[in-house]
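The values are calculated or read from the model by the stated rules, or taken from the named source; none is laboratory data. Everything numeric in this text was worked out from a predicted model, so none of it was measured. Reconstructed Cβ throughout: ideal geometry from the backbone, glycine too, with neighbour counts over all protein chains shown. Side chains included, ligands, DNA and RNA excluded: accessible areas come from the protein's heavy atoms. Shrake-Rupley method; radii C 1.70, N 1.55, O 1.52, S 1.80 Å.
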Amino acid sequence: MKRYIQASYKLYDATPGRHDLLEETQDGKPFVFITEMGIALEAFEQKIADLEAGEEFRFTLPAASAFGEHLDERVIDLDKSIFTIDGKFDSDHVQLGATLPLENADGNRFLAQVVAIGEKVVRMDLNHPLAGRDLSFEGKVLVNRPATEEDIQAFNDSLHHHCHHGKDGGCGNCDGSCGNDGGCKDGGCHCGE
């Protein structure tokens, strides 16, 4: 049975020798998801799916159970001409550390981080930004109940509008139809309303 969950948490880099805060939900903006729908990490879901509202959690996921290992073959060089606008290199957006949307020949979209800009190529890292890191979660389950058909439909509708929720429960990457400033409410994305 799918579960509707709201949780607040802090996420730390738990890689040996580190304990850096990477992410934190904000008051009034918990992480909202429905289990078995591919929103949360599977290992994260497994750790909190059986916790009741009000229960706290603290656990560490090794990199392999989180975003996988960092793979060198996923760091690629792309011809600098790909990043031109009106014949000029787009230096406003293509900067070291920037995360850029890319699309392959099959129309699949994904994000990549700029790790180097050379004379003829831009080196892009296609790994998830947290790949290769052990992750520690500390938080509290705020709501945990069976997901209703309405919950599932609202979630599916949000996918139909190409909205992708961030870990902070916010809404982003809505193809311009809702942005990050209020297109989400009641734990769901309401693009185009």
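The table that follows gives values for the structure above.
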| quantity | calculated |
| --- | --- |
| Qualifying residue in the stretch 145-157 (condition: modelled with pLDDT under 95, farther than 24 Å from residue 76 by Cα and touching a Cys at 6+ places or on another chain (Cβ under 7 Å)) | no |
| Residue among 52, 119, 103 that alone is at pLDDT 95 or above, exposed (fewer than 11 other Cβ atoms within 10 Å of the Cβ) and not β-branched (Val, Ile, Thr) | 52 |
| Some residue of the stretch 131-139 being in contact with a Phe, Trp or Tyr (Cβ under 6 Å, 6 or more places away or on another chain) and within 19 Å of residue 109 (Cβ to Cβ) | yes |
| Test set (1) closer than 19 Å to residue 152 by Cβ; (2) without any contact (Cβ under 8 Å) to a residue 60 or more places away in the chain; (3) assigned to a loop (DSSP other than H, G, I, E, B) - residue 17 fails condition number | (1) |
| Single residue of 29, 47, 2 found to be over 25 Å from residue 153 (Cβ atoms), of a type in the set (D, E, K, R) and either open to solvent by 60 Å² or more (accessible area, probe 1.4 Å) or at pLDDT below 95 (or both) | 47 |
| Within the stretch 72-96, considering residues that are open to solvent by 70 Å² or more (accessible area, probe 1.4 Å) and assigned to a loop (DSSP other than H, G, I, E, B), the one nearest to residue 136 (Cα to Cα) | 96 |
| Filter result for residue 38 (within 16 Å of residue 2 (Cβ to Cβ), assigned to a loop (DSSP other than H, G, I, E, B) and either of a type outside the set (Ser, Thr, Tyr) or modelled with pLDDT under 95 (or both)) | yes |
| Residue within the stretch 42-64 that is touching a Lys or Arg at 6+ places or on another chain (Cβ under 7 Å) and closer than 30 Å to residue 123 by Cβ present | yes |
| Cβ-Cβ under 8 Å pairs, at least 6 apart or on other chains, the stretch 119-146 side over 18 Å from residue 42 (Cβ atoms), far side open to solvent by 40 Å² or more (accessible area, probe 1.4 Å) and among the hydroxyl-bearing types (Ser, Thr, Tyr) | 129/99 |
